[in-house]
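Contents: one structure, followed by commentary.
The values are calculated or read from the model by the stated rules, or taken from the named source; none is laboratory data. Since the structure is predicted, the reported quantities are computational estimates derived from the model, not experimental observations. Cβ placement follows ideal geometry from the backbone for every residue including glycine, while neighbour counts extend to all protein chains displayed. Just so you know, the surface numbers come from the protein's heavy atoms only, side chains and all, with ligands and any DNA or RNA stripped out. Shrake-Rupley method; radii C 1.70, N 1.55, O 1.52, S 1.80 Å.
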Amino acid sequence: MDCNCNKEKRSYHFNISEVVDGKIQEVMNFNFGGHHDLAAMVAKTAAKGDISEKHAKELVVGMRLLHHVLKKCAGASDIYSDFYPVFEEFKKAVKEHYKG
(Lines give C-alpha, C1' and ligand atoms only; values in the text may rest on other atoms or scores of the structure.)
Protein backbone atom coordinates (compact mmCIF):
# COMPACT_ATOMS: atom_id res chain seq x y z
CA MET A 1 0.00 0.00 0.00
CA ASP A 2 1.31 3.46 -0.91
CA CYS A 3 1.80 6.08 1.77
CA ASN A 4 0.80 9.57 0.71
CA CYS A 5 2.63 11.19 3.62
CA ASN A 6 5.74 12.12 1.60
CA LYS A 7 3.99 13.25 -1.56
CA GLU A 8 4.13 16.87 -2.60
CA LYS A 9 0.98 18.86 -1.81
CA ARG A 10 -0.36 20.74 -4.81
CA SER A 11 -2.92 23.50 -4.82
CA TYR A 12 -5.13 24.56 -7.71
CA HIS A 13 -7.46 27.52 -8.08
CA PHE A 14 -10.53 27.10 -10.29
CA ASN A 15 -12.12 30.20 -11.73
CA ILE A 16 -15.35 29.46 -13.61
CA SER A 17 -16.60 32.11 -16.00
CA GLU A 18 -19.76 32.20 -18.06
CA VAL A 19 -20.28 34.05 -21.32
CA VAL A 20 -23.70 35.69 -21.53
CA ASP A 21 -24.56 38.00 -24.42
CA GLY A 22 -20.87 38.28 -25.29
CA LYS A 23 -19.88 39.33 -21.78
CA ILE A 24 -17.69 37.22 -19.54
CA GLN A 25 -18.61 37.08 -15.90
CA GLU A 26 -17.16 35.03 -13.08
CA VAL A 27 -19.79 32.74 -11.58
CA MET A 28 -17.70 30.83 -9.04
CA ASN A 29 -14.19 30.12 -7.86
CA PHE A 30 -12.66 27.68 -5.42
CA ASN A 31 -9.41 26.07 -4.39
CA PHE A 32 -8.68 22.38 -4.66
CA GLY A 33 -5.64 20.53 -3.40
CA GLY A 34 -4.07 17.13 -3.32
CA HIS A 35 -0.95 15.27 -4.30
CA HIS A 36 -1.91 14.65 -7.94
CA ASP A 37 -0.17 16.55 -10.73
CA LEU A 38 -3.22 17.36 -12.86
CA ALA A 39 -1.16 18.67 -15.79
CA ALA A 40 0.89 15.46 -15.95
CA MET A 41 -2.28 13.36 -15.71
CA VAL A 42 -3.85 15.32 -18.59
CA ALA A 43 -0.71 14.98 -20.72
CA LYS A 44 -0.58 11.23 -20.13
CA THR A 45 -4.27 10.85 -20.92
CA ALA A 46 -4.11 12.98 -24.07
CA ALA A 47 -0.95 11.20 -25.28
CA LYS A 48 -2.89 7.96 -25.74
CA GLY A 49 -4.68 9.71 -28.60
CA ASP A 50 -8.15 8.26 -28.14
CA ILE A 51 -9.65 11.51 -26.78
CA SER A 52 -8.81 15.15 -27.46
CA GLU A 53 -6.70 17.24 -25.10
CA LYS A 54 -9.85 19.20 -24.18
CA HIS A 55 -11.63 15.98 -23.20
CA ALA A 56 -8.54 14.74 -21.36
CA LYS A 57 -8.62 17.93 -19.25
CA GLU A 58 -12.33 17.51 -18.56
CA LEU A 59 -11.92 13.83 -17.67
CA VAL A 60 -8.99 14.34 -15.30
CA VAL A 61 -10.40 17.39 -13.52
CA GLY A 62 -13.90 15.91 -13.34
CA MET A 63 -12.68 12.62 -11.90
CA ARG A 64 -10.43 14.29 -9.32
CA LEU A 65 -13.19 16.62 -8.13
CA LEU A 66 -15.80 13.85 -8.00
CA HIS A 67 -13.41 11.51 -6.18
CA HIS A 68 -12.75 14.19 -3.57
CA VAL A 69 -16.46 14.81 -2.95
CA LEU A 70 -17.28 11.11 -2.75
CA LYS A 71 -14.52 10.53 -0.17
CA LYS A 72 -15.36 13.58 1.93
CA CYS A 73 -19.15 13.16 1.84
CA ALA A 74 -19.46 9.38 2.07
CA GLY A 75 -21.16 9.63 5.47
CA ALA A 76 -23.50 12.45 4.43
CA SER A 77 -25.86 10.30 2.37
CA ASP A 78 -26.23 6.81 0.94
CA ILE A 79 -26.15 8.35 -2.52
CA TYR A 80 -22.43 9.05 -2.04
CA SER A 81 -21.45 5.92 -0.14
CA ASP A 82 -23.36 3.67 -2.56
CA PHE A 83 -21.74 5.24 -5.62
CA TYR A 84 -18.19 5.37 -4.24
CA PRO A 85 -17.30 1.69 -4.92
CA VAL A 86 -18.70 1.94 -8.46
CA PHE A 87 -16.66 5.06 -9.08
CA GLU A 88 -13.53 3.40 -7.69
CA GLU A 89 -13.92 0.56 -10.21
CA PHE A 90 -14.35 3.07 -13.03
CA LYS A 91 -11.28 4.99 -11.81
CA LYS A 92 -9.21 1.78 -11.80
CA ALA A 93 -10.33 1.00 -15.35
CA VAL A 94 -9.45 4.51 -16.54
CA LYS A 95 -6.03 4.33 -14.85
CA GLU A 96 -5.36 0.96 -16.48
CA HIS A 97 -6.45 2.26 -19.89
CA TYR A 98 -4.18 5.33 -19.71
CA LYS A 99 -1.16 3.89 -17.89
CA GLY A 100 2.16 4.57 -19.58
Here the residues within the stretch 32-48 that are of a type in the set (Gly, Ala, Ser) and modelled with pLDDT of 95 or more are 39, 40, 43, 46, 47
Can you name the number of the only condition in (1) surrounded by 10 or more Cβ atoms within 10 Å (Cβ to Cβ); (2) not in a strand (DSSP E or B) that residue 33 fails?
(2)
Any idea which residue in the stretch 65-94 is modelled with the highest pLDDT, counting only those that are surrounded by fewer than 13 Cβ atoms within 10 Å (Cβ to Cβ) and either of a type in the set (Lys, Arg) or closer than 14 Å to residue 38 by Cα (or both)?
92
Within the stretch 74-88, residues without any contact (Cβ under 8 Å) to a residue 12 or more places away in the chain and either closer than 28 Å to residue 15 by Cα or not in a helix (DSSP H, G or I) (or both) come out as 74, 75, 76, 77, 79, 80, 88
Those residues of the stretch 17-30 which are in a strand (DSSP E or B) and either among the small types (Gly, Ala, Ser) or within 14 Å of residue 65 (Cα to Cα) (or both) amount to 17, 29, 30
Do you know which residues across the stretch 36-59 are part of a helix (DSSP H, G or I) and open to solvent by 90 Å² or more (accessible area, probe 1.4 Å)?
44, 53, 54, 55, 57, 58
Answer yes or no as to whether residue 62 is open to solvent by less than 100 Å² (accessible area, probe 1.4 Å), modelled with pLDDT of 95 or more and of a type in the set (Gly, Ala, Ser).
yes
Looking for whichever is out of contact with any Asp or Glu (no Cβ under 8 Å at 6 or more places or on another chain) and in a loop (DSSP other than H, G, I, E, B) here; the options are 7, 91, 71. Which one fits?
7
